[in-house]
Structure formats: structure tokens, C-alpha cells
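Below you'll find the structure, written out as C-alpha cells, and then a few comments.
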Amino acid sequence: MFVGYRGIAMTIAGSDSGGGAGIEADLATFLHLHVFGTVAITAVTAQNSRGVHGVFDIPPDGVRAQIDAVLKDFSVGAVKTGMLSREETISEVAKALSEYNCKKLVVDPVMVAQSGDSLIFGDAVKALEEKLLPLAFIVTPNIPEAQILTGITIKSSEDMKKAAKAISKLGPQSVLVKGGHLEEKQLVDLFYYEGEFYTFTHEKIDTLDHHGTGCTLSAAITAELAANTETVEAVKRAIDYTRLGIEHRFKGGKGYGCVGHIFDIDWLRED
């Protein structure tokens, strides 16, 4: 049965020429969740399954022109940001989203690729903290990103709680700290929202073929928010979607495999 689109979302992020992360993963996630995807590309990467071989930034006024073109025309229900590698780009994006009064903003504070290559440069982290995070509805750091944002060494779920509270003081309305980097048998994701902690626990999937998980998770949250799913349920669905993507992972190159986007989704049938 044809369901049709459940809403419109936008991703402001970099392009991954290898197809596993960035804009490419975001659009795959939007489409799979029956949400129409629009984009503003912030950078083009020369990237494959083995690593990042070059980063070519789109000028800030070019990024702004894309945002203006979309938001002046489409009724976008939610927006996510991904790779914002330069302070100037972050400043322009934050200015635009503030002017358009974006209420449902998901910030994925992308800093390092799975290969270990840096994706953020100069004063960009400071700009992210001071200009973009205060606009965020949800921010989705992994453990290394949360440590950079807070200076807290995270080795347990209690440390994750401390980091979530510290990040919330930077201005976002809620914080999802992703626990995949902790060396534990169970994967624990911690969502801090309206003064409450929500814990999502799964058995870890033993694989290194999970390129694009952060992009996919934040895109899935954005898609569900664009479809007017309640906030905690949107996060739960996004975590479930990402886990399914890892279970159905795809290995196209000679290096890391990536999240797959071909599988059934129970809640789409239920909705």
C-alpha cells in the first residue's frame, strides 16, 4: 500500500563520495522513512571506504544561498546539520536557522570520520558551541565528541549523564549521548530531555562495518520529527532504525562497510 510522504526534512551537511555517510546517508534515511529530503551541501569530500582523501568547502554564501532557496519555498518540518568544518560556515548556518526560526533542529556535531580523519578545523568547535548548539532541539554527540565538548573523560553511563548535563548547559533543549565507543558488551544510548534521562540498551553488533551510523541516526531523528512523531519516540525509532541499518550493512569497497538502508520498518506499517 502506498503511504506517501510523511513530511519534509532538510540536511545541511557534507557530501561523502563513497556514499556511506553525509548527505548521501541522510537522503537514503529520509526516503526510507517516507520523508521528502532537501539539502544544503557544506563541503564535498573525496572519500571512499578507506578514508577521507580531500575536503573541499563550499563558500559560506553558497551554503546560505541553498538554505534560503529551500526554506523560502518548502514547508520544512525539521532540519539537521552534519559536517560543518569551518567557523565561517557554522556562523552562516546558525544565522540563517535563527532568522528562519527553526524549531526542530538536530545537530550532529561531526568531528572525526570513522577512519580517524578530522572533519572540523580551526575555531569551528568554539563556533559550534557558541552559535549552533543554543539553537538545537537535539544534539547527538558520540563519546569522543561529548568529551571534546565537555572536557569530561567518559568511561561509564554515569559519565555519560554528567556529559549530557554539561552539554545541555551550552543551550540545546536535549542531548543524546551515543555510547557505541564504550568498551562494554551492551550498547547504551542516553537521552537527556526535559530534566529526565531515557536509556536505550541493546546488545552490541560485533562489526567495524558501520560507517555512517551517526549521520543515519541524526537523519532518522530529523525525519521522525518532520513527521510529527513525539520526541522520545522519535529518538527510540531512530536508534532502532540505525541498529537495523547496521544489521543490514553493506560492504561495497575494500575498507569499512557502511549502514544499509534496505529493510522493513515496523512502525511505518503501524502508522
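The values are calculated or read from the model by the stated rules, or taken from the named source; none is laboratory data. Because the structure is predicted, anything quoted here is derived from the model rather than measured. So basically every Cβ, Gly included, is an ideal-geometry build from the backbone, and we count neighbours across all protein chains shown. To get the accessible areas, we keep the full protein, side chains included, count just its heavy atoms, and leave off ligands, DNA and RNA. Shrake-Rupley method; radii C 1.70, N 1.55, O 1.52, S 1.80 Å.
Summary of values
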quantity	calculated
Too-long pairs where the Cα-Cα distance tops 20 Å, listed order kept, from Lys155/Lys204; Lys131/Lys161; Lys95/Lys162; Lys103/Lys126; Lys72/Lys103; Lys104/Lys162	Lys131/Lys161; Lys95/Lys162; Lys103/Lys126; Lys104/Lys162
Positive minus negative residues near Thr207 (Lys, Arg vs Asp, Glu; Cβ under 11 Å)	0
Contour minus Cα-Cα distance for Glu158 and Tyr5 (0.36 nm per residue)	51.1 nm
Cβ-based charge dipole, the chain, positive-most Cα from Gly179, Met10, Ala238	Gly179
Heavy-atom accessible area ranking, 1.4 Å probe, most first, across Thr153, Thr45	Thr153, Thr45
Residues of the range 159-191 with amide N under 17 Å of a point placed 7 Å along Cα→Cβ from Ser98	170-173
Cβ-derived FRET efficiency at R0 41 Å, Ala65 paired with Glu196, nearest 0.05	0.55
Only Lys, Arg (+1) and Asp, Glu (-1) charged, at Cβ; the chain dipole about Cα centre in debye	140 debye
Computed accessible area, Leu208, all protein chains, 1.4 angstrom probe, square angstrom	110 Å²
Accessible-area composition of the chain, carbon plus sulfur, in percent [1.4 Å probe]	51 percent
Positive dipole terminus of the chain, leading residue within Thr29, Val79, Phe197 (C-beta point charges)	Phe197
For the range 88-221, size of Cβ-based charge dipole, Lys and Arg +1, Asp and Glu -1, in debye	360 debye
Rounded accessible area per residue of the chain, 1.4 Å, Å²	45 Å²
